[in-house]
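One structure is given below, encoded as C-alpha cells.
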Amino acid sequence: MSKYLNKYRNESFRAQWWDYSNEGSYFITICTANRELIFGEIYNKEMHLSPIGEIVFEEWNKSFEIRVELFCDIFVIMPNHIHAILRIEKSCRDGQPAIPAIPNTDGRPSIHSGGNSNPSIPTISSFVAGFKSAATKRINEYRNTPKTPVWQKLFHDRIIRDANEYDRIFNYIKNNIEKWGL
C-alpha cells in the first residue's frame, strides 16, 4: 500500500495492462456504503424500488443518454448494489449490435498501459464516478443528508473476454433477483 500526501491509499484494482476506454464489454458491480439496503426490497421474486431506488434507476438511464459511446446491455438494481454489463463502442450509436463487443485480451497488453489514450472517450471509471456523483446528489437532497456517502468508494469490474463469459454473466445478472434469498 502506497502513500499520497502522507496518507495510505488503496492501489487501483483496475488491470494495469488495459486501457479502460477501449471498446469492449465490462461487468461491473457498484455497492452502497456499508451495504445498506436502500434501493428497495425483493419479494415474490421481484425488485420493488424505494424512492431512492427510483432515483438510482433514473440517473442510471440518464447516464447513457449523455455518453454516446457507452451502452448498457443489461443491469439490475438490487437492495444494496447494482450489477451491469457495459459496452464501449467508439464507432456507432445507432442501435445495439446483435453480437456484443468482446475485447481482444489474448494476454498481450493493449497499446496503452492502463491509462486513457483519449480523454474524450469515456472510461468505465469515469462513467461510474459521474453516475455515483449525480445519484448521490439527488439522493442526499431527497433524504436531506448533505455530504452523506451513498456508495462504497470502489467498485468491482471485470473485462469480459469472450462470448461464453458474456453469456454466463448476462444470465447471472438476469437471474440475480430470483437468487437474492439464497
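Every number here is computed from the coordinates shown, using simple stated rules; none is lab data. Remember, predicted model here, so these are calculated numbers, not experimental data. We place every Cβ from the backbone using ideal geometry, glycine too, and count neighbours over all the protein chains shown.
FRET efficiency for LYS62 and ASN34, Cβ-Cβ distance as r, R0 = 35 Å, nearest 0.05?
Working: r = 26 Å, r/R0 = 0.73.
Step by step, r from the Cβ atoms, then E = 0.85.
Using modelled backbone amide H atoms (1.01 Å from N, in-plane), which distant-in-sequence or interchain residues come within less than 5 Å of TRP151's amide H?
Distant-sequence amide H within range of TRP151: ALA33.
Could you check the spin-label model distance between ASP162 and ALA129? Points 7 Å from the Cα along Cα→Cβ, value in nm.
If labels sit at ASP162 and ALA129, their model points lie 3.4 nm apart.
With r as the distance between the Cβ atoms of VAL76 and GLU141 and R0 = 30 Å, compute the FRET efficiency 1/(1 + (r/R0)^6) and round to 0.05.
On the way: r = 25 Å, r/R0 = 0.83.
Working from the Cβ atoms, E equals 0.75.
I need the peptides 67-74, 138-145, 160-167 ranked by packing, meaning the mean over residues of other C-beta atoms within 10 angstrom, with the highest value on top. Kindly include the intermediate steps, with their values, before the conclusion.
Details: 67-74: 17.5, 138-145: 13.6, 160-167: 15.2.
Per-residue mean Cβ counts within 10 Å order the peptides as 67-74, 160-167, 138-145.
With r as the distance between the Cβ atoms of ASN44 and LEU154 and R0 = 22 Å, compute the FRET efficiency 1/(1 + (r/R0)^6) and round to 0.05. Can you show the working numbers first?
Details: r = 33 Å, r/R0 = 1.48.
Efficiency computed from Cβ-Cβ geometry: 0.10.
Whole-Hz ³J(HN,Hα) for each residue in the stretch 139-156, computed from phi via Karplus 6.51 cos²θ - 1.76 cosθ + 1.60 with θ = phi - 60°, x for glycine and proline: what do you get?
Working through the residues one at a time gives 5, 5, 5, 4, 7, 6, 10, x, 6, 8, x, 9, 10, 5, 5, 9, 9, 9 Hz.
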